[in-house]
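Taking it in order: structure first as structure tokens, then the write-up.
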Amino acid sequence: MEHSREGGRRDRDRDRREEKDKEFVEKLVKLNRTAKVVKGGRRFSFSALTVVGDRKGRVGFGFGKANDVSEAIRKSIDKAKRNLIKLPVKNGTIPHEIQGIFKASKVHLKPACSGTGIIAGGPVRAIMEAGGITDVLSKSIGASSQYNVVKATFNGISRMMDAKALARARGKSLEELWG
């Protein structure tokens, strides 16, 4: 069996591409189907809300619409990868308590001691798992729309302070800050 040079190179590129894609964990939060009634019957359209993270503190979400399920999911994953933000992780949990708000949804996030696990509902759980958080307590208050809960969670995460940035802002070392 002989292999051409191009064939081997193509396989190598595909393996590298799959390896690059595997650095992110993708979670489908919500898949919605809408129907438009036309002369010939119903025309279906799909929307997908996904969360993408590298389990090392980078996480993002995306929303995609298409006439096909797989295309909607692909679009939302692409948007999520373009909108990654830093999630500060301290010993497997978040550094401090925070509340995120988006429209009528509020998400309250609290750090938890090791071994607690992720105590959170669907959308918040997906975000925390994708971001590499292993222990956190959360409570979702108000509107339970999954899109709004995801936006509220990201609102809280984006306002969260990193220990190094906080120490630098106060003009102290990390040891002085954490004791």
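The values are calculated or read from the model by the stated rules, or taken from the named source; none is laboratory data. The structure displayed is predicted, hence computed values, not measured ones. Here the Cβ is made from the backbone with ideal geometry for all residues, glycine too, and neighbour counts use every protein chain on show.
With respect to the conditions (1) modelled with pLDDT under 95; (2) within 10 Å of the chain's Cα centre (by Cα), K39 falls short on a single one, namely (2).
Looking at the range 42-71, which of the residues that are basic (K, R) and closer than 30 Å to T134 by Cα is farthest from the chain's Cα centre (by Cα)?
K56
Looking across the range 87-124, just one residue is of a type in the set (S, T, Y), without any contact (Cβ under 8 Å) to a residue 40 or more places away in the chain and either closer than 23 Å to L166 by Cβ or part of a strand (DSSP E or B) (or both), and that is S114. For the range 125-147, the tally of residues that are free of Cβ contacts under 8 Å to residues at least 40 places away in the same chain and either hydrophobic (A, V, I, L, M, F, W, C) or in contact with a strand residue (DSSP E or B) (Cβ under 6 Å, 6 or more places away or on another chain) (or both) stands at 8.
Could you tell me whether the range 89-98 includes any residue that is among the hydroxyl-bearing types (S, T, Y) and outside the structural domain of A143 (by TED's automatic domain parsing)? No.
Residues A130, A143, A112: which one is surrounded by fewer than 18 Cβ atoms within 10 Å (Cβ to Cβ) and either among the aliphatic types (A, V, I, L, M) or in contact with a Lys or Arg (Cβ under 9 Å, 6 or more places away or on another chain) (or both)?
Just a single option satisfies the conditions, and that option is A143.
Taking K86, is it within 16 Å of the chain's Cα centre (by Cα) and of a type in the set (K, R)? Yes. The residue that is surrounded by the fewest Cβ atoms within 10 Å (Cβ to Cβ), counting only those in the range 151-173 that are over 22 Å from the mean Cα position of the chain (by Cα) and not basic (K, R), is G171. Taking into account only those residues within the range 125-150 that are polar (S, T, N, Q), more than 20 Å from A80 (Cβ to Cβ) and assigned to a loop (DSSP other than H, G, I, E, B), which is nearest to the chain's Cα centre (by Cα)? Among residues in the range 125-150 that are polar (S, T, N, Q), more than 20 Å from A80 (Cβ to Cβ) and assigned to a loop (DSSP other than H, G, I, E, B), the one nearest to the chain's Cα centre (by Cα) is T134.
Among the residues of the range 36-86, the one identified as outside any loop (DSSP other than H, G, I, E, B), surrounded by fewer than 14 Cβ atoms within 10 Å (Cβ to Cβ) and polar (S, T, N, Q) is S70. Listed by first and then second residue, the pairs with beta-carbon distance under 8 Å, at least 6 apart or on different chains, first residue in the range 21-37 and over 16 Å from T50 (Cα atoms), second among the polar types (S, T, N, Q) and surrounded by 11 or more Cβ atoms within 10 Å (Cβ to Cβ), are T34/S45; T34/S47; A35/S45; K36/S45. Within the range 47-66, residues that are among the aliphatic types (A, V, I, L, M) sit with their Cβ atoms under 6 Å from residues that are in a loop (DSSP other than H, G, I, E, B), at 6+ positions apart or across chains, in these pairs: V52/F24; V59/L87.
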